[in-house]
Amino acid sequence: GIPQGLPISAVLANIYLLEFDSIIYQKVVLELNGVYKRYCDDIIIACGAEYQIEIEKLVEDTIDQYQIEISPEKTDIFRFRSLPKLQGGHNYIQCFKVEKDGVEKPGFPFSYLGFEFYGEKILVKSSNIAKFYRRMIRATKRKARRIKLAREKYLIEEPNVFSKKLFMLYSCHGKKSKFAWPDRRIWVTNTYGEYCYIKKPRRKEVNKNGKSELGKPVKKRGNYLTYIDTASRRIGQPYIKKQLRNHVKILKNAMEKHYSKIYK
C-alpha cells in the first residue's frame, strides 16, 4: 500500500496510475473532446451528458485492473445548464447536483481541491473558511491563558497581550510577504562525535567588488489571507476576498472576550 501523509505519497500515487491516466485521457479528451484531471486520488471528468454512462463504466472497469475501489459516497455528478436571466441580458450558468434517483437539485456547488464552483462564481470552500475562524479563536484563547500565567508568575500588571502576533497571523496586516536573511546552518560535530547542524547569525560578507552584503534573502511566508488574495487574483474572482471581509471584526471580538476574563 501507499503510506498516507508522506510527501512521497502523491508521487507514488501518480506513478501507479500513469497508465490509467493514459487510457482515460485517450477516451475522454481525444475522442469525446472532454476534460480529465486527477490530483492524487481526486478525479474530475467533464463531458457531454450523453456520454455519462459510457465514461462511468470505462472508469470503473479500468480502475478495477489496478485493484483500487472508487468510493461511492465520495462520488458526485453535477450538471451545468445555461439559463436565461429573469430581467433579460446574457444567460448564466447554474450548477445542479444529480441525486441517485436522477433528480437535479440546484444550490449545490461543485467542489474540487478546496474550491466551490457555483456556475457563475468560484469561492473557497465554506468549511475551509470556518476552519480558519476556529483556528483564530483557539489561538486567541491560548494567548489569553499565557497572559494569565505570566501575571501569576511574574506579577506583571500590564502584560503583553500578544495582539501584534495575532494580527500578523490572522489579519490583513500579515498577508504581505517579506524578505529576511536567515541564520547560517553549519555542519559540526558535538561532544559525542555526532554530526549535527548549528545556527549562527549571518555575517556581512565582502563580495568581489569590495561591498559588504548579507547574501541572498529568503521570502517569508504570509498568512491565510495571502492565500485568499492569490486565489482571487489568479482565478479572477473578486467574490473570494469578500468571504473574509469580517475577519478583523471577529478577531477583535474574540480578543475582547477572552482577554477581558483575565482582568476580572
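For the subset of the range 139-164 comprising residues that are aliphatic (A, V, I, L, M) and outside any helix (DSSP H, G or I), which member is modelled with the highest pLDDT? Don't jump to the end; show me each part of the working.
Within the range 139-164, the first condition is being aliphatic (A, V, I, L, M), and the residues that meet it are 139, 144, 147, 149-150, 155-156, 161.
Applying the additional criterion that residues be outside any helix (DSSP H, G or I) yields 155-156, 161.
Values: 155: 63, 156: 60, 161: 54.
Ranking the qualifying residues of the range 139-164, first place goes to 155.
Here's the yes/no breakdown for (1) touching a His at 6+ places or on another chain (Cβ under 6 Å); (2) small (Gly, Ala, Ser); (3) surrounded by 12 or more Cβ atoms within 10 Å (Cβ to Cβ); (4) part of a strand (DSSP E or B):
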site: 5; (1), (2), (3), (4): no, yes, no, no
site: 21; (1), (2), (3), (4): no, no, yes, no
site: 24; (1), (2), (3), (4): no, no, yes, no
site: 29; (1), (2), (3), (4): no, no, yes, no
site: 45; (1), (2), (3), (4): no, no, yes, yes
site: 52; (1), (2), (3), (4): no, no, yes, no
site: 55; (1), (2), (3), (4): no, no, yes, no
site: 61; (1), (2), (3), (4): no, no, no, no
site: 67; (1), (2), (3), (4): no, no, no, no
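Among the residues of the range 78-89, not a single one is out of contact with any strand residue (DSSP E or B) (no Cβ under 6 Å at 6 or more places or on another chain), modelled with pLDDT of 90 or more and of a type in the set (D, E, K, R).
Scanning the range 115-128 for residues that are surrounded by fewer than 16 Cβ atoms within 10 Å (Cβ to Cβ) and either touching a strand residue (DSSP E or B) at 6+ places or on another chain (Cβ under 6 Å) or at pLDDT 90 or above (or both), which turns out farthest from residue 235 (Cα to Cα)?
From the range 115-128, those surrounded by fewer than 16 Cβ atoms within 10 Å (Cβ to Cβ) are 120-121, 126-127; that's our starting set.
Filter once more, keeping what is either touching a strand residue (DSSP E or B) at 6+ places or on another chain (Cβ under 6 Å) or at pLDDT 90 or above (or both): 120, 126-127.
Details: 120: 12, 126: 17, 127: 19 Å.
Out of the qualifying residues, it is 127.
With the checklist (1) closer than 21 Å to residue 239 by Cα; (2) in a loop (DSSP other than H, G, I, E, B); (3) free of Cβ contacts under 8 Å to residues at least 12 places away in the same chain; (4) under 28 Å from the mean Cα position of the chain (by Cα) in hand, flag the one item residue 108 doesn't pass. Residue 108 satisfies all of (1) closer than 21 Å to residue 239 by Cα; (2) in a loop (DSSP other than H, G, I, E, B); (3) free of Cβ contacts under 8 Å to residues at least 12 places away in the same chain; (4) under 28 Å from the mean Cα position of the chain (by Cα) except (3).
The values are calculated or read from the model by the stated rules, or taken from the named source; none is laboratory data. Keep in mind the model is a prediction, meaning the values are calculated, not measured. Every residue, glycine as well, gets a Cβ built from its backbone with ideal geometry; the counts of neighbours run over all protein chains shown.
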